[in-house]
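Accompanying notes for the structure given below.
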Amino acid sequence: MTVESVSPRGARMPSRAPSPDEVQKWRVNAVVESLRNLATFFHLSPTGIKLTDILKEEGTRQAFDNLQKSAQMAGVDIAPVLEITLPIITALPQSYPRTRKAARRSQRREARNRPTLMRKWADELEKWLQEARSRSDDAHDNGRQPSPSGADFVQLPEKLRACADFLQQRLVFLTVLSYGSRNPQIRSAVFLSSFVKAVTGRYADTQLAVLLESAFEAAKKDPPSWIDRLTLERTRRRRVIKRLFDKWLSSRHLAREQG
């Protein structure tokens, strides 16, 4: 099975029970599409690096052959996957743009403040409706045609408050997940190692580290130090995910008790 066997746009699991071959196709296309999307996000230019450029050394060729042999037993040709993903990892920056982080923080703050803002709108609307109703009554008493009194909108303040209460409750369950390294290179390499585990049955961090080091050298860049600690980075991410999940369960249990 190669990357071209399924369109990257078709990287969704079928609604029915998938066959083993369909699962493998989905895994291949999921990792390729994810890293391609990341390359688009950072506006990366094609590196021009081929797999043959990465596999020049004997040790690198041996590491690749070991991975390829294990992957072929699962029906996957890992060569085109590595040829696409390894150059992308070398071209990624070592950190996400700060503007993106600031935007996310601003959006979280806006979401937390929205219930309070909606209650403020409800109070202002209720006050305006009372004044409009008073003016309408005066106009009616003077024999003039009453202006729109806002009677059709009299329930809006309470509906706004109900929406604010609903959003406030949902915020209890809302957690912005930020886990793993802040370095896109590391996150992508850990993701690739998880893909290797899915198709070979093992993470093969030693072989993957050799391939990554050779890929950076082919890109004429110094291999970063994180290459040798993929296991540590993956373990760290797993612990953070577990901590976030436990926190989510606790908040959910607390919300149920309060409800």
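Applying the criterion of being among the charged types (D, E, K, R) and not in a helix (DSSP H, G or I) to the residues of the range 1-46, the residue that is modelled with the lowest pLDDT is Arg12. Only one of (1) out of contact with any Gly (no Cβ under 9 Å at 6 or more places or on another chain); (2) at pLDDT 80 or above; (3) outside any loop (DSSP other than H, G, I, E, B) is not met by Ile186, so which one is it? The one condition Ile186 does not meet is (1).
Selection of the range 48-86 for residues being charged (D, E, K, R), in a helix (DSSP H, G or I) and free of Cβ contacts under 8 Å to residues at least 40 places away in the same chain yields Glu58, Arg61, Asp65, Lys69, Glu83.
Search the range 22-67 for residues being of a type in the set (A, V, I, L, M) and within 15 Å of Val199 (Cβ to Cβ), and hand back the single one that is surrounded by the most Cβ atoms within 10 Å (Cβ to Cβ). Ranking the candidates gives Val28 first. Scanning the range 17-45 for residues that are of a type outside the set (Phe, Trp, Tyr), without any contact (Cβ under 8 Å) to a residue 12 or more places away in the chain and within 24 Å of Ile186 (Cβ to Cβ) turns up Asn37, Thr40, His43.
Taking the range 177-235 as the range and being more than 20 Å from Ser45 (Cα to Cα) and among the hydroxyl-bearing types (Ser, Thr, Tyr) as the test, the residues that pass are Ser178, Tyr179, Ser181, Ser193, Ser194, Thr200, Tyr203, Thr206, Ser225, Thr231, Thr235.
For the range 204-231, which residues satisfy the criterion of being closer than 19 Å to Gln68 by Cβ and surrounded by fewer than 18 Cβ atoms within 10 Å (Cβ to Cβ)? Within the range 204-231, Thr206 is the sole residue that qualifies.
The values are calculated or read from the model by the stated rules, or taken from the named source; none is laboratory data. This is a predicted model, so every value here is computed, not measured. Methodologically, a virtual Cβ is constructed for each residue, glycine included, from the backbone with ideal geometry; neighbour enumeration extends over all protein chains shown.
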